[in-house]
Each structure stands twice: as C-alpha cells, then as structure tokens.
Amino acid sequence: MPADIVIGAQWGDEGKAKVIDYLASKTDIVVRYSGGANAGHTVEVGNQKIVFHLVPSGMMYENTISVLGGGMVIDPDALFDEIKDLESKGIKVRDRLRIADNAHVLLPYHKEMDSIQEESLGDDKIGTTKRGIGFCYTDKVSRWGIRMRDLISEGFYTKRLPLVLEQKNKVLENIHKKNPISLQEMTDYLRKVAENVRPMLINAPYYLNMELDSGKNILLEGAQGTMLDVDFGTYPYVTSSNSTTGGAIAGTGISFQHLQEVVGLAKAYITRVGEGPFPTELEPEAAEILRKAGNEYGATTGRPRRTGWYDVEVIKHAARVNGLTSLAMTKLDVLDTFDTIKIGVGYELNGKRISYFPSGEVENIKVLYEEMPGWKEKTAHVRNRNDLPKNARKYVETVEKFTGLPVKWIGVGPKREDMILGK
Ligand code: GDP
Ligand code: IMO
Ligand code: MG
C-alpha cells in the first residue's frame, strides 16, 4: 500500500493540518516525521478548534493510529501536557499513539539554551519558537543526544547519562554561568518519562513497513515547510531538521518505494514567522491588511506572521526538492475582499533573470509580478471549483500554469468541510 505525504511548500503554517485531517478519514496511520513542539497544527471540526504540536493531526478520527517518527525531537513535558489536553476534550490518545524508539528526547536544558542564544543575539536572532529544537538536533548530530529507547535501558542511567550531563554542565556552568543539572534530579525525571512512554515505544521502520506490506495506508505529516528546511530553506533562518521529502524517509524508515502522492501545501498568499529573507513580503501597511484578513498569528507562539504575495519560484523550488505531485491551496477565501491580487512569477538577481530559488543573496532578489483583478465575492460556501467566481478560478489556474502542478484541494475556510476537491 502507498504512503502519501503532506509537506509545507512555503515557510510553514500553510494549513497542513486541515488537509491532513481531511485525508486522515481514509488513512490507517498518520506519522509525523520531523521537528517537535515548534509546530502548531490547527484543525477545526464543528465547534472544536484543536492545535496539535507533537501529536499528529489525524487524531480526530477514532480508528486512526498516530506515530511520532524517529526524525522528531520530543519534549516529554509538552507531549504529556498535549495528551492530557486532548483527552480532556474527549479525544482518546494514549491507546492510539506510538513513539519511534529512535526519536530524540528534548530536555529542559535544550529549551534553556535556545532562549539564552536567542536573547544574546539581539537583532541578529533567528526568531526561533524557543522550544529547544536547534539544541536537541545539535546534540543528536554531535552524538550527545538521548533517544527514547535509552530511557528503558538500565545501563543508560549508570553510564551514559552521567557522561552526557558532565558534558552539558561544562557548557552551562563555564560558558553560561548557570547552575549545573543534578544527575539525581534528571535520573528521577527520565525514569518517570520512561514509565509513561514505555507502552508506546515501537521500532518504527519495522512497524511501518510491515503495516504497509500488510495493506495499511500511511499519511506522512510534514511540519514546518520547505523554506524552513535546514538544507533547502533560507539558511540560517530555518529550523534544524529536514522538513522535506528526504526528511520523511529518514524520519520514519519507510522505504521510498512506498511513496505515492506528495502534496505541497501553500496558502493563496504567503506568510512567514521569525526572521529571514522573504522576497514577496508586503510593506508594513499592506502586510497588516493581509494579516488581519487571514488572522495571521502564530498557532504556537502567537507572534504576528509576516505576509506577502504568492511566490511561484518558492513553489517550483518546493516541487523540485520534494517531488511534489500536486498542490493544495489554502485560505483562498482570505483574498475575497481584495481589489487586485499580485502573484510573484519570476526573479531577477543582480539584474539577471534566474529560474531557481538561490541559496544566498535572497534579500537582493527583485520579484517580477503579475497583477490580477480580485473577485470581491465570498467563497466560503463554494464546494465545486466551477462555482468559484470567475476571477478566483482564473487565479487558481494561473498558479497551475506557472507551477505546472494541479491544485487538487482549495481551502475556503478553517473548518473541515470548507474545502473544494478535485481539479
Ligand atoms: P499548519 O501549521 O500548516 O497546520 O497551519 P496552522 O494551523 O499553523 O495555520 C493555518 C491557519 O489557517 C489555522 O488557523 C487554520 O485554521 C486556518 N486555515 C486553514 N485552512 C484555511 C482556509 O482554507 N481558510 C481559512 N480562512 N483559514 C484556514
Ligand atoms: P508548522 O509545522 C512556521 C520557524 C520559527 C523560526 C524558525 C526556527 O506549524 O508549520 P525553531 O523553533 O524551529 O528553531 O525556529 O522556524 N518555525 C515555524 N514557522 N510554522 C512552523 O511550524 C514553524 N516551526 C518553526 O518561527 O523562524
Ligand atoms: Mg503552524
């Protein structure tokens, strides 16, 4: 059976969760493969609005199994708070959640280091979510990380943990003049975490490939977006993991041969939260109008999102690095009131036309725009693409023409049913 992927094609917050929730109705297993509690994935069903951070967004269906993949960095405090919150809202999580035993454990010192670094950088900060993401991945790559599987191995507490803490304390005490972490306190904390996660741990490559072979279908839930990918985004203003298709393979252990549909999620415009270059960003006054229209405030940190026009080069970049097979366009309804709508259709860099997203000098890009008349009509009630106002249909077709991809889902509101299906 196939595994499909939903990936952000912009700078995150594209409305991935809404499409995942939609597709999850026909899915057996939903797997998050990268990132951690930096994600904020909103699903609105009936009167309920749920923001998922670590738990996959397919949880609204009773029979769906959810997996936290090995490419993730998991903050146990954030996870248990989220499970508690979801269960208080009547969503049963514990029996349906599995955790890859090779996923990394994100600890309080990762969050502390993230905050210390951001504050010390002043105007040069990345604008992280301060969830400790970069520091946990740093430990993973420099081989000072702690994995979920470690927590249930006796030898870990007597041998590896003291060594890791000795290393951490050198940095905390000598460089940051902070109090050292107590081995006893950390041992007690991690033993408690171990008891909580033990029933949920799985060997993910074995479990997921076996389930696919036995006929189950899987949906891979992207977090962040292509332009925040540590390799393909606007480095260093990125997150610390691969949010792209490569990350989905490395972060789950699912064989690439299983991959089928790769859906690129993009708003009908574009937003970014945090620092870094943004070629189609609007000037402050116009940015505020679009921010208000789209209610563009972060689902995790509440920060105002920066806003801009749809950028075709960004989507083509995402199509290249992810192997996108289709697009979903969310928040078309947000443009309902605009007289004219612009769309970035090409770039010039240092006076020359370029047809790729450059890995540097992004701030020097000059965007070439096409301007289209708005439709000035409400679209929230539309369920069939042919019933969209003529100019809205034209807008979607223009995106298809420039990107070369079919737009298979169109979002016209935040709720599950506010969606137009099919090309
Ligand atoms: P994600 O991180 O990609 O899952 O997206 P977020 O949840 O951070 O942000 C998307 C926001 O847009 C959420 O508040 C959604 O409820 C909302 N949303 C998603 N699709 C649509 C849509 O088609 N129209 C409108 N108006 N809102 C939408
Ligand atoms: P979802 O999954 C939007 C941004 C942060 C910052 C940069 C690095 O909801 O789309 P980090 O805390 O990861 O070290 O921050 O990445 N960022 C996101 N922006 N949506 C997200 O997730 C994001 N996750 C991280 O704002 O610019
Ligand atoms: Mg989000």
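Derivation of every value follows stated rules applied to the coordinates shown; laboratory data play no part. Keep in mind that this is a model prediction, so the values were computed, not measured. Neighbour counts are summed over all protein chains in view; Cβ atoms, including those assigned to glycine, are modelled from backbone coordinates with ideal geometry.
Averaging sequence separations of C-alpha pairs under 8 Å and six or more residues apart, then dividing by the length of the chain, give the relative contact order as a whole percent.
Details: 916 pairs, mean separation 84.5, N = 423.
Relative contact order here is 20 percent.
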Could you list ARG131, ARG303, ARG96, ARG149 in order of exposure, starting from the residue whose Cβ has the fewest other Cβ atoms within 10 Å?
-> ARG303, ARG149, ARG96, ARG131
Rounded tilt (10° steps) of 284-294 against the dominant C-alpha axis of the chain | 80
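With the Cα gyration tensor of the range 1-66 in hand, give its eigenvalues times 5 under a square root as the equivalent ellipsoid semi-axes, listed largest first in whole angstrom.
Value: 17, 15, 11 Å, ordered largest first.
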Alpha carbon centre of the range 25-97 versus the range 167-181: separation in Å?
-> 34
Between the helical axis of 108-121 and the dominant principal axis of the chain, each derived from Cα atoms, what acute angle in degrees is found, rounded to the nearest 10?
-> 50
For the range 320-406, state which chymotrypsin sites (Phe, Trp or Tyr not before Pro) are in a DSSP loop and have at most 14 other beta carbons lying within 10 Å of their beta carbon.
-> TYR356
Percent breakdown of C-alpha pair distances by 10 Å bin, ordered from the shortest bin, for the chain | 5, 22, 31, 25, 13, 4, 1
Do any trypsin sites (Lys or Arg not before Pro) in the range 1-71 lie in a loop, going by DSSP, with at most 14 other beta-carbon atoms within 10 Å of their beta carbon, and if so which?
-> LYS26
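Quick one: plug the Kirkwood hydrodynamic radius of the range 242-282 (C-alpha pairs) into Stokes-Einstein at 37 °C, 0.692 mPa s, and report D in µm²/s.
252
Grab the eigenvalues of the alpha-carbon gyration tensor for the range 43-143, scale each by 5, take roots, and send me the semi-axes largest first in whole angstrom.
Working: eigenvalues 167, 58, 21 Å².
Calculated on Cα positions only, the semi-axes equal 29, 17, 10 Å.
Return ARG306, ARG143 ranked ascending by Cβ neighbour count within 10 Å, so the fewest neighbours appear first. Numbers along the way, then the final one.
On the way: ARG306 22, ARG143 6.
The order, fewest Cβ neighbours first, is ARG143, ARG306.
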Could you pull the Rg and Dmax for the range 119-266, using just the Cα atoms, both in Å?
-> 18.7, 55
Using only Cα atoms, find the angle between the long axis of helix 312-322 and the longest principal axis of the chain, and express it within 0 to 90 degrees, rounded to the nearest 10.
-> 40
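What does the charge add up to near ILE126, with Lys and Arg as +1, Asp and Glu as -1, over the other residues with Cβ less than 11 Å from its Cβ?
Values: positive: LYS125, LYS130; negative: ASP114, GLU118, ASP124, GLU275.
Net charge in that neighbourhood comes out at -2.
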Kindly provide the pair-distance distribution of the range 268-421 built from C-alpha pairs, with 10 Å bins from 0 and whole-percent values in order of increasing distance.
-> 10, 39, 39, 12, 1
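Taking the Cβ of each residue in LYS415, LYS177 as the centre, tally the other Cβ atoms inside 10 Å and list the residues starting with the fewest.
Numbers: LYS415 16, LYS177 7.
Fewest-to-most Cβ neighbours within 10 Å comes out as LYS177, LYS415.
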